[in-house]
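The values are calculated or read from the model by the stated rules, or taken from the named source; none is laboratory data. Given the structure is predicted, the values throughout are model-derived calculations rather than measurements. Cβ placement follows ideal geometry from the backbone for every residue including glycine, while neighbour counts extend to all protein chains displayed.
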Ligand code: F0G
């Protein structure tokens, strides 16, 4: 039997249908930067799976009963209970979104000059570490570099490299180890429980705090039940609980697996660290019982983290991603293997091999998906990760030229994804005609959000 989503639509919203001419004009007006497009010119929006999920009637009825008290709100206690049940952390703080939780925790945990080690830091995570005068160092496992390999846990950290670093000259400077589940910056690949257990033992032995970036805790847990021997009989909730049990603390955006428009939390075991976080939170985010979240979102996330762990939901979502991955492959478009859950990462460098990295094949494919189909998605290649000189010419290319097609939760159905596959197949037929791009203007900071380009 094929998996199907355990919900039906009760309220829907229309999506814009546009002509090729309108899209060409809109993209040119946006400086060929999809972040500048107005959403009313986008037909299928696959830019992100963050804050874009459809809420349930259960979430909305809880939200309607939200308690907006400044201090001691009932909504906070429901939120905290839902998180404590899952994570067992004695200290839980809300924050308005993941990056705010990161800022508060890292400012309370790290000292300038310290180093954070990770399987891969997400970009805001890296930015928050660097803003504190610290260094973020990625130690992805070797299999992550082989995009075509079907290894099940390419999100793992390189254990040997972690041990070497913790025994090396920088040992005294390591302020934390951060494990991102699933590994968004590394192709959306999961981390195995074996890897997390090994990291936990090493960190405990060395006295280094181990923090989870748990934005996609349920999807990682699902992939563990599907791919890791010994976990086939476990529920996603059991795996997620075990993962949280292995770490000293976590930051988690709830805009992903909380299936809410806004929200995040910090979870901690250490009382002294929690006290420092609480002061920082009150000064910069909000009082400890709302931390920048509205009562509505405290309620939505408390319900959302329960719904997201439903095995029927996760099975259907993973099947949706695998099906689209298969359709892309059938059309001759390679993806980072094996398909994860929250996104597919298209190998644009291979598909558009006529374009060198300096002409941004990933960006070119993302623009082409918009021009031909009104589909919006994001480049993850040299435009985003490369290094540039003062004239905006690429000096160092990124290791891969990828495009991320993110899959919002409970939003699009099979017919929408069939349409995406059709547009991809159409591009693949005459991919050598897809034009490249050059950068016209780019700010120093957060360049990919603000740059303007031209076709060449
Ligand atoms: N950590 C990971 C792994 C993320 O993917 C994100 C956000 C964050 C932290 C920050 O959370 O957005 O709530 O501040 N990822 C989004 C994305 C933006 O599109 O992948 P936030």
| task | Test residue 42 against the stated conditions and say whether it is within 16 Å of the ligand (Cβ to nearest atom) and more than 30 Å from residue 370 (Cβ to Cβ). | result | no
If we take segment 185-266, then helices (runs of 4 or more DSSP H) inside it with 3 or more residues that are more than 16 Å from the ligand (Cβ to nearest atom) and over 22 Å from the mean Cα position of the chain (by Cα) are 193-206
In segment 27-39, anything in contact (Cβ under 8 Å) with a residue 40 or more places away in the chain and within 16 Å of the ligand (Cβ to nearest atom) is listed as 33, 34, 35, 37
Problem - Test: residue 152 is surrounded by fewer than 19 Cβ atoms within 10 Å (Cβ to Cβ) and assigned by TED's automatic domain parsing to the domain that holds residue 266 - result: yes
Selection from segment 359-396 of residues without any contact (Cβ under 8 Å) to a residue 60 or more places away in the chain and over 25 Å from residue 339 (Cβ atoms) yields 386, 387, 388, 389, 390, 391, 392, 393, 394, 395, 396
Residue set 267, 306, 263, 291; condition modelled with pLDDT of 95 or more and surrounded by fewer than 19 Cβ atoms within 10 Å (Cβ to Cβ); output residue 306
(1) over 18 Å from residue 37 (Cα atoms); (2) within 16 Å of the ligand (Cβ to nearest atom) all hold for residue 435 apart from (2)
- Message: Condition first: assigned to a strand (DSSP E or B), more than 16 Å from the ligand (Cβ to nearest atom), within 20 Å of residue 266 (Cβ to Cβ) and in contact (Cβ under 8 Å) with a residue 24 or more places away in the chain. Can you find one or more residues in segment 166-176 that meet it?
- Response: yes
Subset of segment 291-303, residues touching a helix residue (DSSP H, G or I) at 6+ places or on another chain (Cβ under 6 Å) and not in a loop (DSSP other than H, G, I, E, B), comes to 295, 296, 298, 299, 300, 302, 303
Of the residues in segment 1-24, those that are assigned to a helix (DSSP H, G or I) and in contact with a helix residue (DSSP H, G or I) (Cβ under 9 Å, 6 or more places away or on another chain) number 4
